[in-house]
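Q: Pasting a structure below so you can have a look.
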Amino acid sequence: MKTPPDPSLRVAMTVPRTEAEGPGVRFAVWVQGCPMRCPGCCNPEMLSFTPRAPVAEVRASELVAACLAEEGEGVSFLGGEPFAQAEGLAAVARGVRAAGRSVMVFSGYTLDELRAQEAAGVAALLALTDLLVDGRYDESRRTTQRRWVGSDNQVMHFLTDRYSPLDPRFHEGNHLEIRMRGGEITLNGWPALGRLTRLGPAR
Ligand code: SF4
């Protein structure tokens with residue numbers, strides 16, 4: 001039998017368990033590199049495709065194994081721009097979905113833009129995505145009221161039946177999560193004041 005491809009991803013950060021980046025407890029992956037430059041982006045250090053600090057090269061299979069090692073509801077892809085590494089993340093999403101878990105993606109592209117893209121892996125990742133938050137971050141339309149959404153132009157798309165917009169979890173306010181693990185502290189979620197800040201060497 002042919003061995004499935006195991007692409008390598010450029011990963012800025014992972015958080016094995018978070019309740020601030022989608023419904024339930026989730027494994028979150030921030031990829032490195034985004035072609036957009038939204039003023040007020042909360043992760044400016046993750047925008048460069050050639051960052052000064054070394055970035056982890058991680059195999060898709062390693063991310064799947066790390067995600068499934070946790071008792072979470074699914075995986076969330078953030079960045080950076082997840083669809084800039086669509087082939088690799090599609091491989092991760094495939095493994096996670098095969099284990100019955102869900103996939104949520106935060107993208108700066110709109111859903112229409114993604115459907116028009118022909119780059120490798122984009123259609124595959126979209127087909128494996130249960131929840132998509134789409135669109136650039138618009139600082140002038142910033143919101144702290146919509147859960148997991150940074151600005152009012154962004155839309156939460158329910159691309160499969162896995163989740164329902166009637167789920168009360170989707171109507172709670174945003175919140176900031178502070179996690180301490182193995183000597184590192186991470187702030188996750190949508191902070192009302194300030195930016196996502198890594199206070200330790202999170203990987
Ligand atoms: S699309 Fe997202 S990661 Fe990229 S610049 Fe805009 S807010 Fe930042």
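Q: Being open to solvent by 20 Å² or more (accessible area, probe 1.4 Å) and within 14 Å of the ligand (Cβ to nearest atom) is the filter here, so list the residues in segment 95-123 that pass it.
A: 106, 109, 110, 113
Q: Moving on to the next point. Restricting to segment 50-88, count the residues that are within 14 Å of the ligand (Cβ to nearest atom) and either within 22 Å of residue 17 (Cβ to Cβ) or modelled with pLDDT of 95 or more (or both).
A: Residues in segment 50-88 being within 14 Å of the ligand (Cβ to nearest atom) and either within 22 Å of residue 17 (Cβ to Cβ) or modelled with pLDDT of 95 or more (or both): 10 in total.
Q: While we're looking at this one, here's another question. Go through segment 150-173 and give me each residue that's part of a helix (DSSP H, G or I) and open to solvent by 40 Å² or more (accessible area, probe 1.4 Å).
A: The answer is 168, 169, 171.
Q: Could you tell me which of the residues 17, 52, 59 is farther than 30 Å from residue 162 by Cα and open to solvent by 60 Å² or more (accessible area, probe 1.4 Å)?
A: 52
Q: Residue 147 passes all but one of (1) part of a loop (DSSP other than H, G, I, E, B); (2) modelled with pLDDT of 95 or more; (3) within 15 Å of the chain's Cα centre (by Cα); which number fails?
A: Just one mismatch for residue 147, condition (2).
Q: Same structure again: Considering only segment 28-37, state which residues are closer than 23 Å to residue 103 by Cβ and near the ligand (Cβ under 6 Å from one of its atoms).
A: Answer for segment 28-37, where residues must be closer than 23 Å to residue 103 by Cβ and near the ligand (Cβ under 6 Å from one of its atoms): 34, 36.
Q: Report, by residue number, each residue of segment 99-118 that is under 26 Å from residue 67 (Cα atoms) and not basic (Lys, Arg).
A: Across segment 99-118, the qualifying residues are 99, 100, 102, 103, 104, 105, 106, 107, 108, 109, 111, 114.
Q: Contact list please: Cβ distance under 7 Å, first residue in segment 49-60 and under 21 Å from residue 6 (Cβ atoms) and among the basic types (Lys, Arg), second residue part of a strand (DSSP E or B) and modelled with pLDDT of 90 or more, pairs at least six apart or on different chains.
A: 59/8
The values are calculated or read from the model by the stated rules, or taken from the named source; none is laboratory data. All values derive from a computational prediction rather than experimental measurement. Please note: Cβ atoms are built from the backbone with ideal geometry, for glycine as well, and neighbour counts cover all protein chains shown. In case anyone asks, the SASA skips ligands and DNA or RNA and just uses the protein heavy atoms, side chains included. Shrake-Rupley method; radii C 1.70, N 1.55, O 1.52, S 1.80 Å.
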